[in-house]
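Notes follow once the structure below has been shown.
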Amino acid sequence: SGASTGEHEAVELRDGDKSRYGGLGTQKAVDNVNNIIAEAIIGYDVRDQQAIDRAMIALDGTPNKGKLGANAILGVSIAVARAAADYLEIPLYSYLGGFNTKVLPTPMMNIINGGSHSDAPIAFQEFMIVPAGAPTFKEALRWGAEIFHALKKILKSRGLETAVGDEGGFAPRFEGTEDGVETILAAIEAAGYVPGKDVFIGFDCASSEFYDKERQVYDYTKFEGEGAAVRTAAEQIDYLEELVNKYPIIIIEDGMDENDWDGWKALTERLGSKV
């Protein structure tokens, strides 16, 4: 779900009725839960999560959950997990992760929005900070909040917009990808942290959003306007490698088009040990 979705992603079922929520209502998914899924899973042991999930997938019968809707199936799956945790009188995180679960993942915080997530003229969809050097999740969250506000001050000082995009990150008119990264690095330092030691950078390029299938090129002009780069798959890989070598980038999501398998293979060979 979201502003950009891949053609192979699970389907979030919407009503399509323009008179309700602009066509984005979910009554069809709700009806599927109440009238189809419920009848199929009544009688299962609530603790048998895999059996219930498999039953719903089989009931749907499509490769992308397009019949019942991934939002219907996921909603029931989460409800089942919560019910099982309540039955066992343990927290949900313990039920899902095991009784010895004590560690939360390092958060990745989307602080600059581009691509389909904003009106900013920048192709990459998400610029993230990754506070991998923080000793705890609590500290990582604090670091991220401090960097976010430091970034806002820097943007204001440059006369850039501080309005936010679809996912809460700023959406200013940067002078390109490098300008965005260097501004984030400045914010990390302004907040008192060390780029490449305390905090790292991550991208969600969402490259499928600007890949031209007919010409088989990555057309940055779609978001960045006339004069922006138009890159072949090889040039896209070269560019990403250049960024990784120049900046403390440890995560690249969707660096190539979702169906550019040769490109993905080449990208993994070049950068798989670095990001």
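Do you know which of the residues in the stretch 217-249 that are of a type in the set (A, V, I, L, M, F, W, C) and over 20 Å from Ile122 (Cβ atoms) is surrounded by the most Cβ atoms within 10 Å (Cβ to Cβ)?
Ala233
Across the stretch 248-275, what is the total count of residues that are more than 14 Å from Tyr218 (Cβ to Cβ), of a type outside the set (S, T, N, Q) and over 21 Å from the mean Cα position of the chain (by Cα)?
Summing the residues that are more than 14 Å from Tyr218 (Cβ to Cβ), of a type outside the set (S, T, N, Q) and over 21 Å from the mean Cα position of the chain (by Cα) in the stretch 248-275 gives 3.
Just one of the numbered conditions (1) exposed (fewer than 14 other Cβ atoms within 10 Å of the Cβ); (2) at pLDDT below 95 is not true of Lys265; which one?
(2)
Quick one: how many residues across the stretch 92-133 are over 19 Å from the mean Cα position of the chain (by Cα), in contact (Cβ under 8 Å) with a residue 60 or more places away in the chain and not in a loop (DSSP other than H, G, I, E, B)?
0
Looking at Val194, Val199, Val130, can you tell me which residue is closer than 18 Å to Ile250 by Cα, among the aliphatic types (A, V, I, L, M) and in contact with a Ser or Thr (Cβ under 8 Å, 6 or more places away or on another chain)?
Val130
Within the stretch 25-40, is there a residue that is assigned by TED's automatic domain parsing to the domain that holds Ala83 and under 27 Å from Ser118 (Cβ atoms)?
Looking for residues that are assigned by TED's automatic domain parsing to the domain that holds Ala83 and under 27 Å from Ser118 (Cβ atoms), one finds at least one in the stretch 25-40, hence yes.
The values are calculated or read from the model by the stated rules, or taken from the named source; none is laboratory data. Since the model is a prediction, treat every value here as computed from it, not as a measurement. Quick reminder, even Gly has a Cβ in these numbers, built from the backbone with ideal geometry, and neighbours come from all protein chains shown.
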